[in-house]
Amino acid sequence: MSILNIQNASKTYGSGHTQVIALKTTQFSAEKGELIAVIGPSGSGKSTFLTIAGGLQNPTKGSVLINGQEVTKLGERKRSMIRLKEVGFILQASNLVPYLSVDNQFRLLDKVKKGNLNQQEKAQLLKQLGIENLTKKYPADLSGGEKQRVAIAKALYTNPSLILADEPTASLDSNRAFEVIKMLAQETKEKNKATIMVTHDNRLTKYCDKVYTIVDGGLSLVSDNLQIRP
Amino acid sequence: MFLAWNEMKSAKLRFLLIIGVLTLMTYLVFLLSGLANGLAEMNREAVDQWKADAIVLTDESDMNLSQSSMTLHDAQRISAEHKAEIAQILAVARKSGTKIKESVAVTGIHKDQFLMPKVSEGRSFRGDHEVIADDSLKADGLKLGDRLTISSSEQKLVIVGFTKKAKFNAAPVLYTTIATVQKIKYGKADTSDIGLINGVVIRDPHFTKIKVPSRLKLTTIEPFIEHMPGYTPQKISLDFMIYFLFVIVSVTIGIFLYVLTIQKVSIFGVMKAQGISSLFLIRSVIAQTFLLALFGVCAGFILTAVTGAFLPSAVPIQLDIPALIGYGAIFIFVAALGSLFSVQTIVKIDPVQAIGG
């Protein structure tokens with residue numbers, strides 16, 4: 001069973017001649033252990049794709065299944081529970097609650113959900129990301145890169161089966177960016193997750209199993225990892 | 001509670017200011033309730049001391065003791081076991097040879113009936129012209145043995161004792177014999193059947209069975225107090241101010257929290273995207289209001305207690321702890337109601353906006 005299965009989904013805003021097609025009719029699936037990159041310029045429908053894949057909004061037509069559950073048929077409350085249990089979001093900016101210290105960011109997740117990483121796994125995760133010494137700090141005291149790594153740790157902490165990352169390496173230097181992608185790849189393989197990252201950074205695609213491009217709302221598979229069609 | 005508390009810790013100044021506003025509002029509510037209480041007390045403390053259940057007055061008097069006038073014969077026809085005759089005249093007493101003047105309620109009673117107050121200083125009156133005075137008069141410079149001249153009367157009184165808590169409609173009471181009151185009122189005493197008194201106080205929980213002669217009317221004590229001149233308007237004004245303050249508190253904290261919520265819309269959006277439910281966020285906003293109101297009420301309570309300890313006795317503020325606790329609880333409740341303004345906003349936050357573009 002695919003972790004994520006998008007069937008005939010499309011998204012349009014407005015109607016008549018003001019109609020905007022944000023996502024053309026799309027077939028997409030992500031299997032266990034797959035790290036998938038979706039590459040496209042801004043305004044191409046990347047974010048729409050990501051929000052539909054994560055059950056944040058419903059497509060205008062078609063259906064989305066996360067771990068076999070058809071989220072397009074669920075109400076907001078149930079979708080919110082699926083997001084909590086199954087999906088880990090790594091967002092570009094302001095992903096962290098500004099008034100919680102790094103440690104409390106994790107405690108917040110413990111308050112709302114059971115079955116998160118245990119202390120040992122968490123310590124290991126923080127160490128891998130190089131943020132083990134930042135636990136007492138508040139987001140305002142962190143650099144952009146540190147914030148991004150805390151956000152990644154936060155997404156992985158709930159042990160989701162689907163990880164959706166929006167420009168996860170945007171504020172990281174090259175070395176750190178490669179490390180983070182390697183880590184995401186490793187995490188994906190070892191724990192049988194599916195990871196989809198939206199990015200415009202072509203260099204990262206060599207770690208990915210599949211690469212898609214998205215242009216004007218149309219998603220197409222690039223079969224060969226290293227040759228990306230314009 | 002977790003989010004609420006951590007947010008308050010990280011933005012101490014902002015939340016201390018809100019608590020400060022709530023503290024001042026509680027302080028105002030508490031002082032007003034103390035004032036309402038104190039003013040009510042001034043009117044009714046003598047009546048409360050009587051521990052009476054009802055009073056018989058003439059129908060014509062409209063429950064006003066000094067306007068009621070009945071014969072001793074009528075009073076004796078009232079079929080109650082525990083009853084006490086009362087005569088009263090409101091007058092101005094002057095300490096002989098000085099300029100010390102005070103409005104008083106000269107109140108005639110029988111020594112052997114239950115209206116007889118407990119003497120806290122000096123002795124009881126033995127005959128006419130001797131009075132037991134309310135001890136608030138001591139603050140005006142009166143003491144045992146002082147002679148008093150009564151306005152528009154030839155009669156002279158002498159203070160032989162003091163009693164505590166004896167104010168009637170804000171006037172200190174001078175307890176004396178019924179004959180003394182009759183002398184002040186009519187120039188001579190008349191204890192025969194046609195002698196006049198003002199009313200009969202009843203101490204009997206089953207007073208409804210009591211029969212009274214026509215023209216007389218039995219009234220329970222509470223409406224009698226409420227009919228005292230000024231008592232009800234005063235109480236209503238202060239109560240109204242207190243109730244209105246509760247509305248203001250609710251709206252004020254509602255606005256504060258609404259603004260705070262608006263500022264947090266994007267971060268709430270991110271949390272919702274992560275799957276944290278609206279309910280959790282709403283609970284945290286209500287918990288925050290609860291904490292703010294609780295701190296505000298506690299600080300206001302301390303401030304009130306300190307003020308109460310330093311107020312001069314002339315200020316009629318009486319702090320009634322159970323009442324203050326009650327008001328504090330209402331205060332916290334209405335504050336929490338105010339936070340409900342934000343609920344709609346939180347529910348409406350669309351998690352999609354967490355992912356820009």
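The values are calculated or read from the model by the stated rules, or taken from the named source; none is laboratory data. Note that the coordinates shown come from a computational prediction; the quantities given were computed from them, not determined experimentally. For neighbour counting, all protein chains shown are included, and Cβ atoms are generated from backbone atoms with ideal geometry for every residue, glycine included. Remember, those area values only see protein heavy atoms, side chains included, never the ligands or the DNA or RNA. Shrake-Rupley method; radii C 1.70, N 1.55, O 1.52, S 1.80 Å.
Cβ-Cβ contacts under 6 Å between residues 6 or more apart (or on different chains), taken from a first residue in region B:1-26 that is away from chain A (no Cβ under 11 Å) to a second residue that is open to solvent by 30 Å² or more (accessible area, probe 1.4 Å), are listed as B:18/B:256; B:19/B:295; B:23/B:299. Restricting region B:262-278 to residues that are over 16 Å from residue A:106 (Cα atoms) and outside any helix (DSSP H, G or I), the residue that is nearest to the other protein chains (Cβ to nearest Cβ) is B:277.
Matching residues to (1) more than 23 Å from residue A:180 (Cβ to Cβ); (2) not basic (Lys, Arg):
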{"site": "A:64", "(1), (2)": "yes, yes"}
{"site": "A:68", "(1), (2)": "yes, yes"}
{"site": "A:73", "(1), (2)": "yes, no"}
{"site": "A:90", "(1), (2)": "no, yes"}
{"site": "A:110", "(1), (2)": "yes, yes"}
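Taking the criterion of being open to solvent by 50 Å² or more (accessible area, probe 1.4 Å) and not in a helix (DSSP H, G or I), the residues of region B:316-337 that qualify are B:318, B:319, B:320. A single member of A:165, A:153, A:170 is under 29 Å from residue A:6 (Cα atoms), within 14 Å of chain B (Cβ to nearest Cβ), without any contact (Cβ under 8 Å) to a residue 60 or more places away in the chain and of a type in the set (Gly, Ala, Ser), and it is A:153.
Does region B:200-220 hold any residues that are open to solvent by less than 20 Å² (accessible area, probe 1.4 Å), touching a helix residue (DSSP H, G or I) at 6+ places or on another chain (Cβ under 7 Å) and more than 10 Å from residue B:78 (Cβ to Cβ), and which are they? B:201, the sole residue that qualifies.
Exposed (fewer than 15 other Cβ atoms within 10 Å of the Cβ), out of contact with any helix residue (DSSP H, G or I) (no Cβ under 7 Å at 6 or more places or on another chain) and part of a loop (DSSP other than H, G, I, E, B): which single residue out of A:159, A:175, A:133 fits that description?
A:133
Condition (residue is β-branched (Val, Ile, Thr), facing chain B (nearest Cβ under 7 Å), assigned to a helix (DSSP H, G or I) and more than 18 Å from residue A:197 (Cα to Cα)) applied to region A:107-120: is it met by at least one residue? Full working, then the answer.
First, pick out the residues of region A:107-120 that are β-branched (Val, Ile, Thr): A:112.
Of the ones still in play, those that are also facing chain B (nearest Cβ under 7 Å) are A:112.
After this cut, where a residue has to be assigned to a helix (DSSP H, G or I) as well, the list is A:112.
Narrowing further to those that are more than 18 Å from residue A:197 (Cα to Cα): A:112.
Yes.
Of the candidates B:53, B:74, the single residue that is in contact with a Pro (Cβ under 9 Å, 6 or more places away or on another chain), within 24 Å of residue B:180 (Cβ to Cβ) and more than 14 Å from every other protein chain (Cβ to nearest Cβ) is B:74. Working only within region B:158-190, note down all residues that are part of a strand (DSSP E or B), hydrophobic (A, V, I, L, M, F, W, C) and in contact with a helix residue (DSSP H, G or I) (Cβ under 7 Å, 6 or more places away or on another chain). Within region B:158-190, B:162, B:168, B:173 qualify. For region A:78-88, the criterion of a residue being away from chain B (no Cβ under 12 Å) and either in contact with a strand residue (DSSP E or B) (Cβ under 8 Å, 6 or more places away or on another chain) or surrounded by fewer than 19 Cβ atoms within 10 Å (Cβ to Cβ) (or both) is satisfied by no position. One residue stands out in region A:49-62 among those that are of a type outside the set (D, E, K, R) and open to solvent by 20 Å² or more (accessible area, probe 1.4 Å): the one that is nearest to the other protein chains (Cβ to nearest Cβ), namely A:57. Once region B:338-357 is narrowed to residues that are more than 14 Å from chain A (Cβ to nearest Cβ) and surrounded by 15 or more Cβ atoms within 10 Å (Cβ to Cβ), the residue that is farthest from residue A:89 (Cα to Cα) is B:338. Within region B:40-90, track down each residue that is over 18 Å from residue B:173 (Cα atoms), surrounded by fewer than 20 Cβ atoms within 10 Å (Cβ to Cβ) and among the hydrophobic types (A, V, I, L, M, F, W, C). B:63, B:72, B:78, listed by residue number. Residue A:141 meets all of the listed conditions (1) acidic (Asp, Glu); (2) within 13 Å of chain B (Cβ to nearest Cβ); (3) over 30 Å from residue A:42 (Cα atoms) but one, namely (3). Beta carbons closer than 6 Å, at least 6 apart along the sequence or on distinct chains, never pair a first residue in region B:329-357 that is within 30 Å of residue A:46 (Cα to Cα) and at pLDDT 90 or above with a second that is part of a loop (DSSP other than H, G, I, E, B) and among the charged types (D, E, K, R). Here residue A:81 fits the description: within 25 Å of residue A:158 (Cβ to Cβ), free of Cβ contacts under 8 Å to residues at least 12 places away in the same chain and among the aliphatic types (A, V, I, L, M). In the set (1) at the interface with another protein chain (Cβ under 9 Å from one of its Cβ atoms); (2) among the aliphatic types (A, V, I, L, M); (3) open to solvent by less than 20 Å² (accessible area, probe 1.4 Å), the condition left unmet by residue B:242 is number (1). Can residue A:140 be described as among the aliphatic types (A, V, I, L, M) and closer than 20 Å to residue A:185 by Cα? In short, no. Of all residues in region A:205-221, which are among the hydrophobic types (A, V, I, L, M, F, W, C) and within 15 Å of the chain's Cα centre (by Cα)? A:208, A:211, listed by residue number. Taking the listed residues A:60, A:51, the one that is in contact with a helix residue (DSSP H, G or I) (Cβ under 6 Å, 6 or more places away or on another chain), farther than 18 Å from residue A:205 by Cα and among the hydroxyl-bearing types (Ser, Thr, Tyr) is A:51, with no other qualifying. Filtering region A:63-77 for residues that are within 10 Å of chain B (Cβ to nearest Cβ) and under 22 Å from residue A:22 (Cα atoms) leaves a non-empty set. Scanning region A:96-106 for residues that are within 10 Å of another protein chain (Cβ to nearest Cβ) and open to solvent by 10 Å² or more (accessible area, probe 1.4 Å) yields A:96, A:98, A:99, A:101, A:104.
Just one of (1) hydrophobic (A, V, I, L, M, F, W, C); (2) within 19 Å of the chain's Cα centre (by Cα); (3) within 13 Å of chain B (Cβ to nearest Cβ) fails for residue A:126. It is (3). For region A:33-48, indicate whether the set of residues that are open to solvent by 80 Å² or more (accessible area, probe 1.4 Å) and modelled with pLDDT of 90 or more is non-empty. No, there is no match, as no residue in region A:33-48 is open to solvent by 80 Å² or more (accessible area, probe 1.4 Å) and modelled with pLDDT of 90 or more. When the criteria are applied in full, residue B:289 fails the requirement of being surrounded by fewer than 19 Cβ atoms within 10 Å (Cβ to Cβ), out of contact with any Phe, Trp or Tyr (no Cβ under 6 Å at 6 or more places or on another chain) and in contact (Cβ under 8 Å) with a residue 24 or more places away in the chain.
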